[in-house]
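In what follows, a structure is listed as structure tokens, so that the remarks can point back to it.
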Amino acid sequence: MKRIDSEDMRKLLKLYFIMGSVNCRISPAVTLTQAIEGGITLFQFREKGPGALTGTAAFNLAKQLQQICREHRIPFIVNDDIELAIALDADGVHVGQEDEPARSIRQRLGDHKIIGVSAHTQHEARQAIADGADYLGVGPVYPTSSKDDAEAVQGTRVIEELRRCGLTIPLVGIGGITPGNAQPVIGAGADGVSVISAIARAYDVSAAAKNLLQIIRYT
Ligand code: TZP
Ligand code: MG
């Protein structure tokens, strides 16, 4: 099978929800179900940080969330853990600069899986594209409390720069994005936004997703 089409990838990136058990106010399964109800377009399982599940518990949660995604035809992406993605036959993986290079992941997974890479500079972006990434995650755009080892806040500058230098790869902004500040991220050239807390910690998860989607669609 061949690589995902760029325009299909852009559509999936509109409202990309990322979460693990530590991010949720209520159960992860209910959080994901409500987020899907609100209109998220892609989901990433990211079981990380203090108190994160490991081993069988993490595997079982991933499987449960993947099943929910399958029922609603939302592609299921795994953060970092290529072995888990292979074991689950996930739809794709997302990796950072400190993880296995996209080139070797592409060789292991084949062309039919989605590969996303976090990029902070033009150099990292070009390397990820050359290595076979389907999309880039660029950030942190705004201050975030969901990632302990986040790089320096970059605003929308890097997204603008990547577009200005002619890179057309599908990309999402990430880091501290809320309904109140999502507009400039799309305005800078991102195809969508990636969020953890704006959805996972919302009092009304479904309404939070709906609200964000509305802003992205009409920007
Ligand atoms: N990578 C860069 S910032 C970030 C990740 C995983 C965390 C985003 O979480 P939030 O809660 O949307 O700021
Ligand atoms: Mg990583």
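Is there a residue in region 125-134 that is more than 23 Å from Asp5 (Cα to Cα) and either in a loop (DSSP other than H, G, I, E, B) or away from ligand 2 (no atom under 16 Å from the Cβ) (or both)? No, that holds for no residue.
Scanning for something closer than 14 Å to Leu13 by Cβ, within 10 Å of ligand 1 (Cβ to nearest atom) and not in a helix (DSSP H, G or I), does region 200-216 turn up at least one residue? Looking for residues that are closer than 14 Å to Leu13 by Cβ, within 10 Å of ligand 1 (Cβ to nearest atom) and not in a helix (DSSP H, G or I), one finds none in region 200-216, hence no. Take Ser197 and decide whether it is in contact (Cβ under 8 Å) with a residue 40 or more places away in the chain, away from ligand 2 (no atom under 16 Å from the Cβ) and within 15 Å of the chain's Cα centre (by Cα). Against the criterion (in contact (Cβ under 8 Å) with a residue 40 or more places away in the chain, away from ligand 2 (no atom under 16 Å from the Cβ) and within 15 Å of the chain's Cα centre (by Cα)), Ser197 qualifies. Residues of region 107-159 that are more than 15 Å from Leu171 (Cβ to Cβ) and either surrounded by 20 or more Cβ atoms within 10 Å (Cβ to Cβ) or aromatic (Phe, Trp, Tyr) (or both): Lys113, Tyr142, Ser146. For the criterion of being in contact with a His (Cβ under 8 Å, 6 or more places away or on another chain) and touching a residue at least 40 places away in the same chain (Cβ under 8 Å), Gly137 passes.
One residue is enough: does region 158-175 have a residue meeting the conditions free of Cβ contacts under 8 Å to residues at least 24 places away in the same chain and within 16 Å of ligand 2 (Cβ to nearest atom)?
no
Only one of the numbered conditions (1) more than 25 Å from Lys63 (Cα to Cα); (2) small (Gly, Ala, Ser); (3) within 16 Å of ligand 2 (Cβ to nearest atom) is violated by Ser118, and that is (1).
The numbers here are math on the coordinates, done by the rules we state, and not lab data. The shown structure was predicted, so the numbers you read here are calculated from the model rather than taken from an experiment. Cβ atoms come from the backbone with ideal geometry, glycine included; neighbour counts cover every protein chain shown.
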